[in-house]
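Peer 1: Starting off with a structure, shown below.
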Amino acid sequence: MIPHDSNMDDYPQQSSNQINQEDRPDKQEEACGVFGIYAPGEDVAKLTYFGLYALQHRGQESAGIATFEGTTVHLHKDMGLVSQVFNESVLQELPGNLAVGHTRYSTTGSSRKVNAQPAVVDSRLGKLALAHNGNLVNTVQLREELLQSQCNLVTTTDSEMVAFAIAEEVNAGANWVDGCIQACRRCQGAFSLVIGTPDGVMGVRDPNGIRPLVIGILTGEPERYVLASETCGLDIIGAEYLRDVLPGELVWINEEGLTSIQWQQQSQRKLCIFEMIYFARPDSLMHEETLYSYRMRLGRRLAAESAVEADLVFGVPDSGIPAAIGFSQASGVAYGEGLIKNRYVGRTFIQPTQTMRESGLRMKLNPLKDVLAGKRVVIVDDSIVRGTTSRKLVKTLREAGAVEVHMRISSPPVTHPCFYGIDTDTQDQLIAATKSVAEIAKQLEVDSLAYLSWEGMLEATREDTNSFCSACFTGDYPVAIPEQVKRSKLILEKATV
Ligand code: SF4
C-alpha cells in the first residue's frame, strides 16, 4: 500500500531520487519491515510472503525473500509492492527449510533494485542472507574498514556492510553466532536484523532496541519460531506472539529450538516513540496492548490539554482516527467522519499536471460536504512534518463548508530529523524547526492549532518515559551522531523554535 499516512494527495510513489519536493509525502516514512522463519516441512516462502504482506506499510519500494535449501540459497527481490514482486510461480521457485524476507523504503542507498534486500553474502560457512530495519550512524568508518579488507561492496546500503562484516568475522574463524555478535559490536545506530544461514536463523536488536522485532510461535509438532518487525506479521500466518527480542539480544533459531544470547548489556531501552504514534500498524501489539489503544489515549490527553468548542471531530484517515476517537471521548465533541479515503489507491506512475494539482486533484481524500457544511470542526492528525499537506487539507475543509477549522496533533512539533532508519526531511524543511506554533497556525490558515505535549505523549505510554527515543521532538539523540552525518541533515546553528 502507499504509505499508511493521511496525506491528501501524496502523488505517485516513485524512487526517492525521482521525487521532487512537492510530490514527496508530507510524513516521516518507515524504512523497512523484516521477517524470518525456521520451519522445515512448511512452505516457508509462502509464509514469508504473507508476513511481508502484513508488513507492507513499513516499506513500499522493494521486497525480497531468500530461502535456504541446505547450503543453496534461492533469492527473489525486485522493486515494487510485495503483491507485485511475488506470484505463485515465483514462490514455487523458493523451496527451503527457512526463509528471510524484507520490505524496503530507502533511507540509505538510492532506490535501485541492487539495494533491495535480503543482502546475500558468501562466507567460509556458506551464504548468509540479511534483512535490516534501521540505520547505522557509523557507516563511513565501517565502509573504510571493509574496503581495506578487500570486501566487494556492490550496493550503497549499510545493510550490506553489516552482512559483509558478519562474513568477515566468520571467515576469520568465528561460528555464525559469534561472527554476528562481533560484527554487531562494530555497528552503531539502529538495527533490527533477521539473518538466514544454512544452519538456522538469527534475530538481533541493537543495544537500545530502537526498532522493534518480535518472536512468534507457530504451534504444532514441533513448534516453529517466527521473527517479524511487528505482531501483525505474526497474526497473518496464525503465529502466536511470544515476546520481543530484547535490546542487545541475539536469538538463534534452529532444529533445537530457540537460544537467547544477550550480546551486549542492555543500555536504557530507547524504542522509537514514532513507532507507537504512527509507524507501526494500529493492530500491532507493543507492551501488551494494541497501538490503537495507545493512540486513543493520546487523543484523550490531547483533549485534556487543548479543548476547543466545536460541533464535530474527525481524524485524518487512517492514522489520525484513533486519536480523534479519544479526543471525542474526553471532550464530548461528537465524533464523525469528515473525509473519505479512497482505499483502492495503488501505485501509479501517472503524474498529475501542474494544472491538475492547482485545481485540487484529490487522489486519496475527499471531504463529505453535507457533513461539514456550517460546522465548527476539529481535525486530528498524528504529526505535521513540512505542513504542505495540512495546509491543503484545511483549504479543502473550508471549501466544503466548514466554518471553523481547529487542528489538533497527537504528538509534539517535529523539530529534528531522524538518523535511525526513518526517512525524514532535512531540519530546514521541518516546519516546526523554524516556526512557532502560532506561525504554523497562520501558515496553515487554521482557527487554532495545538500539539500534544512531550510529557503527555510519553506518559500515555504507561511505561518508563525514559525508555523511548523522542529525538525528533527534542534533538536528544540516544546514539551519538558523528559530525559529518549531522551536517547532512541538521541546521547546525540553533533553530528558533
Ligand atoms: S529520531 Fe524520531 S523517528 Fe527517529 S528513532 Fe527517534 S523518535 Fe523515532
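Peer 1: Are any of the residues in the range 446-465 in contact with a Cys (Cβ under 9 Å, 6 or more places away or on another chain) and either within 16 Å of the ligand (Cβ to nearest atom) or of a type outside the set (S, T, N, Q) (or both)? Reasoning before the result, please.
Peer 2: Residues of the range 446-465 that are in contact with a Cys (Cβ under 9 Å, 6 or more places away or on another chain), as a first pass: none.
No: zero hits.
Peer 1: Which is at pLDDT 95 or above and either under 22 Å from the mean Cα position of the chain (by Cα) or crowded, with 19+ Cβ neighbours inside 10 Å (or both), of T157, T197, T139?
Peer 2: Working: T157 fails: at pLDDT 95 or above; T139 fails: at pLDDT 95 or above.
Sole residue among the options that is at pLDDT 95 or above and either under 22 Å from the mean Cα position of the chain (by Cα) or crowded, with 19+ Cβ neighbours inside 10 Å (or both): T197.
Peer 1: Sort through G216, G220 and tell me the only one that's modelled with pLDDT under 95 and away from the ligand (no atom under 16 Å from the Cβ). Walk me through how you get there before you give the answer.
Peer 2: Values: G216 fails: modelled with pLDDT under 95.
Checking each option against the conditions leaves just G220.
Peer 1: In the range 406-422, which residues are in a loop (DSSP other than H, G, I, E, B) and more than 14 Å from the ligand (Cβ to nearest atom)?
Peer 2: Here is the first cut: in the range 406-422, the ones in a loop (DSSP other than H, G, I, E, B) are 410-422.
Scanning the range 406-422 gives a single hit, S410.
Peer 1: Can you name the helices (runs of 4 or more DSSP H) wholly within the range 128-241 that have at least 3 residues being over 29 Å from R281 (Cα atoms) and touching a helix residue (DSSP H, G or I) at 6+ places or on another chain (Cβ under 7 Å)?
Peer 2: Details: elements: 139-148, 158-171, 176-185, 232-235.
Where helices (runs of 4 or more DSSP H) fall fully within the range 128-241 and carry at least 3 residues being over 29 Å from R281 (Cα atoms) and touching a helix residue (DSSP H, G or I) at 6+ places or on another chain (Cβ under 7 Å), they are 139-148, 158-171, 176-185.
Peer 1: Given the condition closer than 25 Å to R269 by Cβ and hydrophobic (A, V, I, L, M, F, W, C), answer yes or no: does some residue in the range 443-455 qualify?
Peer 2: There is at least one residue in the range 443-455 that is closer than 25 Å to R269 by Cβ and hydrophobic (A, V, I, L, M, F, W, C).
Peer 1: Now a separate question. Going through the range 238-271 one residue at a time, which ones are within 16 Å of the ligand (Cβ to nearest atom) and farther than 12 Å from R205 by Cβ?
Peer 2: If the condition is that a residue be within 16 Å of the ligand (Cβ to nearest atom) and farther than 12 Å from R205 by Cβ, then Q268 is the only one that fits.
Peer 1: A further question on this structure: Scan the range 260-297 for residues that are in contact with a strand residue (DSSP E or B) (Cβ under 9 Å, 6 or more places away or on another chain), assigned to a helix (DSSP H, G or I) and farther than 30 Å from R185 by Cβ and jot them down.
Peer 2: Result: L291, Y294.
The values are calculated or read from the model by the stated rules, or taken from the named source; none is laboratory data. Everything numeric here is computed off the predicted structure, so don't read it as measured data. When we count neighbours, we look across all protein chains shown, and the Cβ atoms used for this are built from the backbone with ideal geometry, even at glycine.
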